[in-house]
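Below is one structure, written out as structure tokens, with a few remarks after it.
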Amino acid sequence: MNMMAPIAIVEPVLTRTEVAGLVSLAARTVPPIWPLESAIAVNPLAGFEELPFEQAVSAAAQRFSARENLPVDQWRTLLRAGSIDQKVLRDVAIQELGGLNSAFELIGPDVSRLDLLMARLLDLPVGAGVTRPAMLSPDADFIAKWCAAFFDQGRAASPMPNRGLGFYRSVLAIAGHDSEFRRLTGDVGQKLLLSIPRDPLEAIAEGFAALGICHGEEEDLLAGYVARLPGWAGHIRWRNEHADPEYAAGAPAGMADLLALWMLLDRSGAISTGEARTAPSDVSAQLAERFNLTSDILENAHEAGRRHFNEIANLDEGKLGRMFMLAAETSYRNAVVPQLRAAADAPGSDEVAEAQLVFCIDVRSESFRRALEAEGRYETFGYAGFFGLPIALHKVGKSRRTRLLPVLLSPQHDVDEGPAVGREREAEMVEQNAERTQHTANLFDIAKQGSATAFTTAEVTGPLAGLLMAANTIAPKFVERAVSRLRPPREDAFAPSLEKHADHGVHPAFTFEEKVGYATALFKLTGMKTPTARLVALVGHGGSAVNNPYAAALDCGACGGHAGGSNARILTAILNDLDVRAELAKRGMNIPDTTRFIAAEHNTTTDEVFIFDQATIPESHRPDLSALMTSLARAGSANRERRSVLLGRSASDVLTGAVHWGEVRPEWGLARNAAFIVGPRSLTRSIDLEGRAFLHSYDWQSDTDGSALTTILTAPMVVAQWINCQYLFSTIDNDRYGSGNKITQNVVGGIGVLQGNGGDLKVGLPMQSLFGDDGTAFHVPQRLLTVVLAPFDLVESVVASNDILERLFGNGWVSLVVIDPETGKALRWRRNCELSESAATHQSL
């Protein structure tokens, strides 16, 4: 027997409790990453939000070996496309140089500092950028491999053994048989496997002592480990902090497990150090040649002049890109805020609306609302797409509940799904079809993966699969229509029920007081007044895509990455409840007996609107419904035409893309999002916001204590900021903060995607959601601009009483402009946490 010498015994210095605290702090480096079934937007730099934006971007770039900004060549393309006003870029450059006097200081004959900087911004090569190794390092690849095996959700043909031991211990149990581990760690690794503590916290504590980590440096070391595989670390955070317990049942894993494995590799001498860094740029020669600044001229220049020349010549892409970003943000603000100020005192319409419709605040609703309002006397509102209902839906045939609420909230109501009224037979057919489909899929998987049946299965099913592939490729709309005829639509057959659920025992899903509360919130937060129109539609939204791992990203973020129709149906049922209406009337909200609430869902990919439960709508309201459906169809057609231009295809092809399995860009999603506007529809109705603004309805006159504004800014606006940051950073560095090219992605374990056949779980959006086919950025990476129509003192008191708002506005993650409803005057929230003048001028940088 080959007996190996034991590893020297080391005595840990830190206790388990102390190590647990360090692990918790290191874990905050990355945000939780939700799985594909509820792929919602997350700010990849959420762990750095305590820092001012610029510092956070630099710190994160260093930690993750990421780019600090979009490459300058991409910015120049956006400048030429009109996304940036060149005069504003010049103003930004002047400010960057310290003001007018400093900017026009001469470096040489008739050559100022501003001339040099503008040449760097607009014309000259930018020098070296970020360089990275093409492949994942062997140590990270080893840990990523076992992450994929351990966190698999039943997709692997051969599940990883010993998962019940936990992630760390199950890898230790199998690593000795892994040739890759032996190559990485050699004899030292084999010895450590025999002696290292089986408790991950104790293993980390021992590792600190063995590696000689100085006191105070432990957290940085652990955070560095976390940042090596931010995707898998983020998945562990989601699993432990946000997933239902059954998700991780039988396979426990914490961040300490992941870090203990990194510590094992570190102690074995297997940690690589070849991460990418930003190379310093030096375009001195080109800059000097451009302005005929000979060596004699530079040598004879005063010391300050030579220093200034070198400073400008050595600016890297990150700093140049930041100037472009500031210019893009200011250009957008200069274009939008004056229009909003002019509309601030516009009177609301006194006309009785034919119907009122409450849409999600999503940017894709803005253009659709405008198209619908052009069709008749329709009044529209913006409200968070989960309609204020913190629910989880137990769908028929699904083993896990679906959370239909913002991911930072916990469900307060478990709601059952059952056959819709009058649709019992269809529901039964849908359920039977689903069972047969699942049974067939299970049999196919077993046959496909069996060693004795794999080839036979391929031979037998191959021709049929080939025909289906051809049909889906050549005639996807025909196939979709054929399948629809065979299978009744699920949304017609089933409906959420407000009755009791097993988790609530004999109690109903909602108490009467809760129903009244949710109904009241709709009026209070949106400023909707009574009496209401004959029809009031609550319109959730979802997208449609085939063969798309990111399909959930097209759905409603406020509904946890799911379509919002169920939430709309539940609140509709509450608002049609006569007892609820009677209680609302006592509180001053008199809903007329003639008002009927209906639920609908806007398909943002096709711009079709589906009306739920039409069979329950009384005859008296059918003419109203018919007129509304006609207008919705016309509005959908108009909006589809508008979007097709942005996608560079015909409107008909947009419909094809929604059902084509080879489509990589069924819609642009929330790309180009830029603003979050809080105010009545009269503030924005006359302005074409180009589908770039989240619109939340709000009436400051009915919110004297600021409670509604507090809710809007601390909940929907924070969700919008997450979305904005995900798009921003996924565009800036798609390799580190995004998910790369869809074409080379593979789904792993049913939870996320990888690039190629291994590596880290990707954390952000794919390139096709952000860039055109020619590689030009479609999304303009700029921070969110929030505009509120309300008295200054009201907004100041709300911001001052909420730490999260002070942090976001004060650290520059979100820009805030407040428009006074009485005077139309606009003030901007400055970094020193106060409102100041000149919000909408070129000087307000």
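Of the residues in the range 220-232, none is open to solvent by 10 Å² or more (accessible area, probe 1.4 Å), closer than 16 Å to residue 749 by Cβ and of a type in the set (Phe, Trp, Tyr).
Filtered by the rule that a residue be without any contact (Cβ under 8 Å) to a residue 40 or more places away in the chain and either closer than 24 Å to residue 446 by Cα or open to solvent by less than 70 Å² (accessible area, probe 1.4 Å) (or both), the range 136-166 gives 149, 158, 159, 160, 161, 162. Restricting the range 93-111 to residues that are among the acidic types (Asp, Glu) and assigned to a loop (DSSP other than H, G, I, E, B), the residue that is most open to solvent (accessible area, probe 1.4 Å) is 110. When you scan the range 35-51, do you find a residue that is of a type outside the set (Lys, Arg), farther than 20 Å from residue 241 by Cβ, at pLDDT 95 or above and surrounded by 15 or more Cβ atoms within 10 Å (Cβ to Cβ), even just one? Checked the range 35-51: at least one residue is of a type outside the set (Lys, Arg), farther than 20 Å from residue 241 by Cβ, at pLDDT 95 or above and surrounded by 15 or more Cβ atoms within 10 Å (Cβ to Cβ). Checked against (1) in contact with a helix residue (DSSP H, G or I) (Cβ under 9 Å, 6 or more places away or on another chain); (2) open to solvent by less than 10 Å² (accessible area, probe 1.4 Å); (3) not aliphatic (A, V, I, L, M), residue 365 passes all but condition (1). Within the range 754-788, the set of residues being of a type in the set (A, V, I, L, M, F, W, C) and either closer than 14 Å to residue 734 by Cα or modelled with pLDDT under 95 (or both) comprises 754, 761, 763, 765, 767, 770, 771, 777, 778, 780. The numbered conditions (1) out of contact with any strand residue (DSSP E or B) (no Cβ under 8 Å at 6 or more places or on another chain); (2) modelled with pLDDT under 85; (3) closer than 30 Å to residue 322 by Cβ are all true for residue 122 except (2).
Per-residue answers, yes or no, for (1) at pLDDT 90 or above; (2) open to solvent by 30 Å² or more (accessible area, probe 1.4 Å); (3) among the hydrophobic types (A, V, I, L, M, F, W, C); (4) in a helix (DSSP H, G or I):
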position	(1), (2), (3), (4)
465	no, yes, yes, yes
484	no, yes, no, yes
500	no, yes, no, no
539	yes, no, yes, no
548	yes, no, no, no
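Listed conditions (1) in contact with a Ser or Thr (Cβ under 9 Å, 6 or more places away or on another chain); (2) part of a loop (DSSP other than H, G, I, E, B); (3) open to solvent by 20 Å² or more (accessible area, probe 1.4 Å); (4) among the polar types (S, T, N, Q) are all met by residue 566, apart from (2). Would you tally the residues in the range 784-829 being part of a helix (DSSP H, G or I), under 26 Å from residue 327 (Cβ atoms) and either of a type in the set (Gly, Ala, Ser) or free of Cβ contacts under 8 Å to residues at least 40 places away in the same chain (or both)? Residues that pass the stated criteria total 2. Scanning the range 583-611 for residues that are in contact (Cβ under 8 Å) with a residue 12 or more places away in the chain, open to solvent by 60 Å² or more (accessible area, probe 1.4 Å) and not in a loop (DSSP other than H, G, I, E, B) yields 596, 608, 610. In a residue-by-residue description of the range 819-826, the property of being closer than 20 Å to residue 95 by Cβ and either modelled with pLDDT under 90 or among the aromatic types (Phe, Trp, Tyr) (or both) applies to no position. The single condition among (1) closer than 30 Å to residue 78 by Cα; (2) assigned to a loop (DSSP other than H, G, I, E, B); (3) open to solvent by 10 Å² or more (accessible area, probe 1.4 Å); (4) not polar (S, T, N, Q) that residue 719 does not satisfy is (2).
Just wondering, is there one or more residues in the range 171-178 that are under 26 Å from residue 33 (Cβ atoms), within 33 Å of the chain's Cα centre (by Cα) and open to solvent by 10 Å² or more (accessible area, probe 1.4 Å)? So far as the range 171-178 goes, no, none of its residues is under 26 Å from residue 33 (Cβ atoms), within 33 Å of the chain's Cα centre (by Cα) and open to solvent by 10 Å² or more (accessible area, probe 1.4 Å).
Can you work out which of the residues in the range 647-669 that are in a loop (DSSP other than H, G, I, E, B) and open to solvent by less than 20 Å² (accessible area, probe 1.4 Å) is nearest to residue 780 (Cα to Cα)?
By that ranking, first place goes to 669.
Going through the range 408-436 one residue at a time, which ones are part of a loop (DSSP other than H, G, I, E, B) and open to solvent by 60 Å² or more (accessible area, probe 1.4 Å)? The answer is 408, 409, 410, 412, 421, 422, 423. Residue 511 meets each of the listed conditions (1) of a type outside the set (A, V, I, L, M); (2) surrounded by fewer than 19 Cβ atoms within 10 Å (Cβ to Cβ); (3) in contact with a strand residue (DSSP E or B) (Cβ under 8 Å, 6 or more places away or on another chain) apart from (3). Can you tell me which condition residue 444 does not meet? The list is (1) over 23 Å from the mean Cα position of the chain (by Cα); (2) not in a helix (DSSP H, G or I), and all the others hold. Condition (2) is where residue 444 drops out.
Confirm whether residue 353 is open to solvent by less than 60 Å² (accessible area, probe 1.4 Å) and under 29 Å from residue 557 (Cβ atoms).
yes
The values are calculated or read from the model by the stated rules, or taken from the named source; none is laboratory data. Small disclaimer: the values here were computed from a predicted structure and weren't measured. Cβ: placed from backbone, ideal geometry, glycine included. Neighbour counts: every protein chain shown. Side chains are part of the model used for accessible areas, which takes the heavy atoms of the whole protein and leaves out ligands, DNA and RNA. Shrake-Rupley method; radii C 1.70, N 1.55, O 1.52, S 1.80 Å.
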